[in-house]
Amino acid sequence: MLFASPPWDQFVLLIGELTLLVIFGIVAFGLFVVFIALYSMRRGKFYFPRLMSSGFIMLEGLLKAIIGLFGLDDQDLMSFFVRVHNSMNAKGFESIPVSRRALFFPQCLRSAKCPAHLTPEGLLCQGCGQCSFGTVLSSFRDMGYRVFIVPGSSFIQRMVKKYHPAGIIGVGCIVEVRHGLEMCDRLGLCGMGVLTLRDGCVETLVNWQDVIEVAALGVDPRSIPENLDVSPQ
Ligand code: SF4
């Protein structure tokens, strides 16, 4: 019988060995990516950013499991990979004129008592002074940015179709920023992400300095409004 013959046994053995080899290779690569990520976080410098980014896309589930085994928070890993993505895109983003950039904020950053209404272009801030948007949005617009406060990624896609920006800054929680960066990659746009400090649906927080630092990339310092302090903190 074919299935009981020595060549068949050898074939099955070979398949088993190859499978083990592949599994071992994937786990070893996952451990390597986690090690380099932790080392990069510790040194404050990105090592092998392209390899890290590809590794994260291919092995996200495994990397989270490995991080979990070490008792670490996978949110740190996720935000690290957003920063890796930013560092890879920074040069390209710098070269895009501000007039071809768009800045998207999530509506959860506004005050819970916000009187603004949703329009086809997102929320139109009335500058009521109950949150930072009232003063900061106009400064980003003065820099040349198209600025939107949006309730979700479908709005972003609609604005991208309408205004054709080449570069996008997306502010949001880790899930939103990741989806946004993936969308940018799919559409061939240069995407930069800024993470909010607190997740949630109302009155979340962002470090405005993080937004300003990304927004100021490649911008003539003379065209940055004085109230946007771009000096590192
Ligand atoms: S400043 Fe603008 S976004 Fe903030 S609460 Fe007032 S209207 Fe809403």
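Take the residues in the range 87-105 that are in contact (Cβ under 8 Å) with a residue 12 or more places away in the chain, assigned to a helix (DSSP H, G or I) and of a type in the set (D, E, K, R), then tell me which one is farthest from Lys161 (Cα to Cα). Full working, then the answer.
Pass one, the range 87-105, residues in contact (Cβ under 8 Å) with a residue 12 or more places away in the chain: 87-90, 92-105.
Within this subset, residues satisfying the condition of being assigned to a helix (DSSP H, G or I) are 87-90, 92-94, 98-100.
This time we only want the ones that are of a type in the set (D, E, K, R), so: 94, 100.
Details: Glu94: 22, Arg100: 13 Å.
Selected residue: Glu94.
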Fill in the blank from the handout: Within the range 117-154, the count of residues that are over 16 Å from Cys201 (Cβ atoms) and of a type in the set (A, V, I, L, M, F, W, C) comes to 10
Fill in the blank from the handout: Pairing a residue in the range 52-79 that is in contact (Cβ under 8 Å) with a residue 40 or more places away in the chain and small (Gly, Ala, Ser) with any residue that is crowded, with 17+ Cβ neighbours inside 10 Å and in a helix (DSSP H, G or I), where Cβ atoms lie under 7 Å and the two sit 6 or more apart in sequence or on different chains, gives Ser79/Ile174
Problem - Condition check for Ala112: closer than 22 Å to Cys201 by Cβ and either at pLDDT 95 or above or within 6 Å of the ligand (Cβ to nearest atom) (or both) - result: no
Exercise for the section: List every residue pair whose Cβ atoms sit under 6 Å apart, with the two residues 6 or more apart in sequence or on different chains, where the first one lies in the range 124-141 and is without any contact (Cβ under 8 Å) to a residue 40 or more places away in the chain and the second, anywhere, is aliphatic (A, V, I, L, M) and within 6 Å of the ligand (Cβ to nearest atom). Expected result: Leu124/Ala116; Cys125/Ala116; Gln126/Ala116
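So is Leu228 more than 21 Å from Leu137 (Cβ to Cβ) and of a type in the set (A, V, I, L, M, F, W, C) or not?
Values: more than 21 Å from Leu137 (Cβ to Cβ): no; of a type in the set (A, V, I, L, M, F, W, C): yes.
So Leu228 fails the test.
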Exercise for the section: Kindly establish whether Lys113 is at negative phi, surrounded by fewer than 17 Cβ atoms within 10 Å (Cβ to Cβ) and in a loop (DSSP other than H, G, I, E, B). Expected result: yes
Practice task
Could you pull out the residue among Gly25, Gly61 that is under 23 Å from Val194 (Cα atoms), outside the structural domain of Tyr145 (by TED's automatic domain parsing) and exposed (fewer than 15 other Cβ atoms within 10 Å of the Cβ)?
Solution key: Gly61
Fill in the blank from the handout: Filtering the range 107-155 down to residues that are over 24 Å from Ile224 (Cβ atoms) and among the charged types (D, E, K, R) yields Lys113, Glu121
Practice task
With the checklist (1) touching a residue at least 12 places away in the same chain (Cβ under 8 Å); (2) exposed (fewer than 14 other Cβ atoms within 10 Å of the Cβ); (3) not basic (Lys, Arg) in hand, flag the one item Tyr47 doesn't pass.
Solution key: (1)
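The values are calculated or read from the model by the stated rules, or taken from the named source; none is laboratory data. Because the structure is a prediction, the values reported are computed rather than measured. Backbone-built Cβ (ideal geometry, glycine too); neighbour counts: all protein chains shown.
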